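First comes the structure, then the notes that go with it.
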Amino acid sequence: MTFRGVVVPAIRESGLAVLLALSLAACGQSADKPPEDVESKAEGPAFGVDRAASESMERLAEAKRAREALPGHAIYKEACATCHEGGMAKAPHESMISMMTAEAIMRSLNTGVMKENATALSQEQKVQVAEYLSGKRLGEARIAEPPPCKADRSVFDVGDGPVGGNWGLDPTNTRLIPAESRPLAKADFPSLSLKWAFAYPGANRARSQPSLAGGAVHVGAQNGKVYALDQRTGCMRWTFEAAGEVRTAIVIEPWTAGDRAARPRAYFGDILGNVYAIEARTGKLIWRDRPDGHPNATITGSPSLFEGRLFVPVSSLETGPPTDPKYECCKFRGSVVAYDAATGKHVWQTFTVAEAPKLTGKNRSGTDNYGPSGAAVWNAPAIDAKRRQIYFGTAENLSSPATLTSDAMFAVDMDTGKVKWTHQGTANDAWNGACDTVHDDNCPAENGPDFDFGAAVLLVTLSDGRELVIGGQKSGEVHAVDPDTGKVVWRNRVGRGAIQGGVHFGMAAEGDTLFVGINDAPDGRTYQEAGRPGLYGLDMKTGRFIWKQPYAGAGCAGREFCHAGISQAVTAAPGVVLAGSMDGVLRIHDSATGQIVWQRDTAPPVMTVSGEEAHGGSLGGSSGPITANGMLFVNSGYGLYFHMPGNVMLVYGK
């Protein structure tokens, strides 16, 4: 499939079934009533069943049927499926492999880990398998790499330290860009113009938040590469090839400004569950590790670096395989792993489900079921240096029984990995992709509602000296708890909630104000109230609203796969809030009033530094916009789950 010139990979059975579940599920909503000052009138375009989603699913189903007629399908079933569909414990399932490019699959078959296993296949058969699994022709939608930097632009600038360091832009995940990083001020935005654009080769999404350090911007890509590009011109300093798509930010360790001998490391994870340390100057590999042996383990949330320790959240794509009634659901458990950042040695690993999965019975097809499972971690941990704790949120359980640690906020001792406390937002939430599909044999008895703490948890210090740990749920509810005990201080159901949020990928804070982006996208469920997509300012002392800025959806006129909600992580800088929407529009808000002071549509075509045209799409995922050094860096494109594909990073300046 193609959409405005960008390839939209067709979805295989497991992936399609997950999307069907996303759009057709009829799970219940939270029983908690919203505060009096939260609007809950059942009206507006987000209320009720979404016809466009149903029509999009039919197109995906048609594409799936067409692709199953390709010769690579039969070859895969004969030569590969025995191991990759459950026969070998650590072999990734088809739904995982489908997230790789055809080129990456070919590298694996010809020179990588699958070289010995693929000796019986001809080169033509390998190509057919790679094209079937990836959903793309080998070389399709190929875009040239950026030009290499000349000598004057390739030098690592030791005076330009990392902006914020971790994904959360400070250790506590407030996502507030400090003034010393020279972010754009409110008055600067109207005079911005596009300075250069980078096209992610062969991609339909851009999910790795730009990381600035050493005069370069570092990003991961869908093709499995990490790029170091000159901040001013977009020329390429170096690339590194990972095993699979890199969706995390590239976390770069700090160094003493001006130290010419500094050799900082950069850290990230890939979709196949690998964690990497490379040299930030050159991209040379230092160490690599896969912390979890489950075949569907993945790294979605960015690592967090503190005092020589790297804290890595481990998530999973095991929501898809249970759509096959013969799949033994489910055995993955979420975790956070602490590494010695220099060596890659494990210090500790804490699982979010303490009990290892065990046989619980059989589904109605006679397949063994296991539990408890799930509670993946797909957000960057926040650092509490004073209490020596880290904080993170968890997803739903994947199988019965539901535990007390799914849909929960965790506090964990950073030195030992011991759990200090947990706070559960939604009880009895067990769900996977089989739920509410025709083949629902593996759907847990609880059947949802899939209300993860997907967004990163924040540690904030208020003007009165109090500290709070704050998390946002896909249910649309925001929770503030005591950092010492986990006891609830306040709760506010800001959004209606939906299977993709509610609060999806990240909030931000400045002073006593919390900035909450709400997605509330139509997802096929029937709700008793309208969605409330937009940006909201909350008083963190009380949890009550300071201002509301709902989005009307005007940016979606004439656009397919468009929605006006905020899924992408929100970013703050002094006096402004940067909020990217699923309609492709980046809006800059006054942090005191919520008023929009500047906006830019990121979807239209642009000429890129590679000399080819590309365009943006929905602004989604954890890749929030970044402003520093008087510039603005924006990733655009989120070709997943019925959203607008795109493959550009746009760089603005005055």
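Just one of (1) over 30 Å from TYR339 (Cβ atoms); (2) in contact (Cβ under 8 Å) with a residue 60 or more places away in the chain; (3) in a loop (DSSP other than H, G, I, E, B); (4) aliphatic (A, V, I, L, M) trips up VAL438, so point out which. Status for VAL438: all satisfied but (2).
Exactly one residue out of GLY653, GLY611, GLY616, GLY630 is in contact with a Pro (Cβ under 8 Å, 6 or more places away or on another chain) and among the small types (Gly, Ala, Ser): that is GLY616.
Residues in segment 122-177 that are more than 29 Å from the chain's Cα centre (by Cα) and among the acidic types (Asp, Glu): 3 in all.
Only one entry of VAL481, VAL494, VAL503 meets the criterion of being open to solvent by less than 10 Å² (accessible area, probe 1.4 Å), in contact with a strand residue (DSSP E or B) (Cβ under 7 Å, 6 or more places away or on another chain), at pLDDT 95 or above and within 16 Å of THR571 (Cβ to Cβ), and that entry is VAL503. The test for being more than 29 Å from the chain's Cα centre (by Cα), modelled with pLDDT under 90, surrounded by 14 or more Cβ atoms within 10 Å (Cβ to Cβ) and farther than 30 Å from ILE588 by Cα does not hold for LYS115. The residues of segment 173-208 that are under 24 Å from GLU103 (Cβ atoms), assigned to a loop (DSSP other than H, G, I, E, B) and in contact with a Phe, Trp or Tyr (Cβ under 7 Å, 6 or more places away or on another chain) amount to a single one, ALA206. Counting only residues that are within 19 Å of VAL353 (Cβ to Cβ) and among the hydroxyl-bearing types (Ser, Thr, Tyr), segment 425-439 holds 1 of them. Could you check, for segment 323-331, whether at least one of its residues is within 22 Å of the chain's Cα centre (by Cα) and polar (S, T, N, Q)? No. Within segment 209-222, the set of residues being crowded, with 24+ Cβ neighbours inside 10 Å, outside any strand (DSSP E or B) and touching a residue at least 60 places away in the same chain (Cβ under 8 Å) comprises GLN209, PRO210, GLY214, GLN222.
Among residues of segment 180-206 that are free of Cβ contacts under 8 Å to residues at least 24 places away in the same chain and among the small types (Gly, Ala, Ser), those with a Cβ under 9 angstrom from a residue that is open to solvent by 10 Å² or more (accessible area, probe 1.4 Å) and outside any loop (DSSP other than H, G, I, E, B), sequence gap 6+ or separate chain, pair up as ALA187/VAL597. Output the residues belonging to segment 526-557 that are over 24 Å from ALA603 (Cβ atoms) and not in a loop (DSSP other than H, G, I, E, B). Result: TYR536, GLY537, LEU538, ASP539, PHE545, ILE546, TRP547, LYS548.
Are any of the residues in segment 202-209 charged (D, E, K, R) and closer than 18 Å to ASP160 by Cα? No: zero hits.
Each row is one residue, and each column tells you yes or no for (1) without any contact (Cβ under 8 Å) to a residue 40 or more places away in the chain; (2) more than 24 Å from the chain's Cα centre (by Cα).
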position	(1), (2)
VAL314	no, no
ALA341	no, no
PHE351	yes, no
LYS362	yes, yes
SER365	no, yes
GLY374	no, no
TYR391	no, no
ALA395	no, no
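GLU467 meets each of the listed conditions (1) within 30 Å of ASP583 (Cβ to Cβ); (2) surrounded by fewer than 24 Cβ atoms within 10 Å (Cβ to Cβ) apart from (1).
Is it the case that ARG309 is surrounded by 24 or more Cβ atoms within 10 Å (Cβ to Cβ) and either within 24 Å of ASP450 (Cα to Cα) or not aliphatic (A, V, I, L, M) (or both)? Taking the combined requirement at face value, the residue does not satisfy it. Scanning segment 153-173 for residues that are surrounded by fewer than 24 Cβ atoms within 10 Å (Cβ to Cβ) and either in contact with a Gly (Cβ under 7 Å, 6 or more places away or on another chain) or among the polar types (S, T, N, Q) (or both) turns up SER154, PHE156, ASP157, VAL158, GLY159, ASP160, ASP170, THR172.
Please determine, by comparing only the residues of segment 246-283 that are charged (D, E, K, R) and either without any contact (Cβ under 8 Å) to a residue 40 or more places away in the chain or in contact with a strand residue (DSSP E or B) (Cβ under 6 Å, 6 or more places away or on another chain) (or both), which one is most open to solvent (accessible area, probe 1.4 Å). Applying the filter and picking the extreme gives ARG263. Going by the conditions given, is THR422 more than 22 Å from the chain's Cα centre (by Cα), of a type in the set (S, T, N, Q) and either buried (at least 24 other Cβ atoms within 10 Å of the Cβ) or not in a loop (DSSP other than H, G, I, E, B) (or both)? Yes; evaluated as a whole, the condition is true for this residue.
When SER581, SER591 are screened for being more than 18 Å from ALA552 (Cβ to Cβ) and polar (S, T, N, Q), only SER591 passes. What about GLY202, is it out of contact with any Gly (no Cβ under 7 Å at 6 or more places or on another chain) and within 24 Å of HIS643 (Cβ to Cβ)? Considered against the rule, which asks whether it is out of contact with any Gly (no Cβ under 7 Å at 6 or more places or on another chain) and within 24 Å of HIS643 (Cβ to Cβ), GLY202 comes out as yes. The strands (runs of 3 or more DSSP E) falling completely within segment 226-339 that include 1 or more residues that are at pLDDT 95 or above and of a type in the set (D, E, K, R) map to 236-241, 265-269, 275-279, 285-289, 309-316.
Just one of the listed residues (ALA564, ALA569) is over 18 Å from the mean Cα position of the chain (by Cα) and either surrounded by 20 or more Cβ atoms within 10 Å (Cβ to Cβ) or without any contact (Cβ under 8 Å) to a residue 24 or more places away in the chain (or both), and it is ALA564. If we scan segment 351-366, do we find a residue that is basic (Lys, Arg), in a loop (DSSP other than H, G, I, E, B) and buried (at least 19 other Cβ atoms within 10 Å of the Cβ)? Looking through segment 351-366, none of the residues is basic (Lys, Arg), in a loop (DSSP other than H, G, I, E, B) and buried (at least 19 other Cβ atoms within 10 Å of the Cβ). Residue-level check: of (1) touching a residue at least 40 places away in the same chain (Cβ under 8 Å); (2) small (Gly, Ala, Ser); (3) buried (at least 24 other Cβ atoms within 10 Å of the Cβ), GLY555 misses just (3). Looking across PRO321, PRO303, PRO313, PRO295, one residue alone is in contact with a Ser or Thr (Cβ under 8 Å, 6 or more places away or on another chain), of a type outside the set (Val, Ile, Thr) and under 23 Å from ILE105 (Cα atoms). It is PRO321.
The values are calculated or read from the model by the stated rules, or taken from the named source; none is laboratory data. Small disclaimer: the values here were computed from a predicted structure and weren't measured. Backbone-built Cβ (ideal geometry, glycine too); neighbour counts: all protein chains shown. Areas reflect the complete protein model, heavy atoms only, side chains present, ligands, DNA and RNA absent. Shrake-Rupley method; radii C 1.70, N 1.55, O 1.52, S 1.80 Å.
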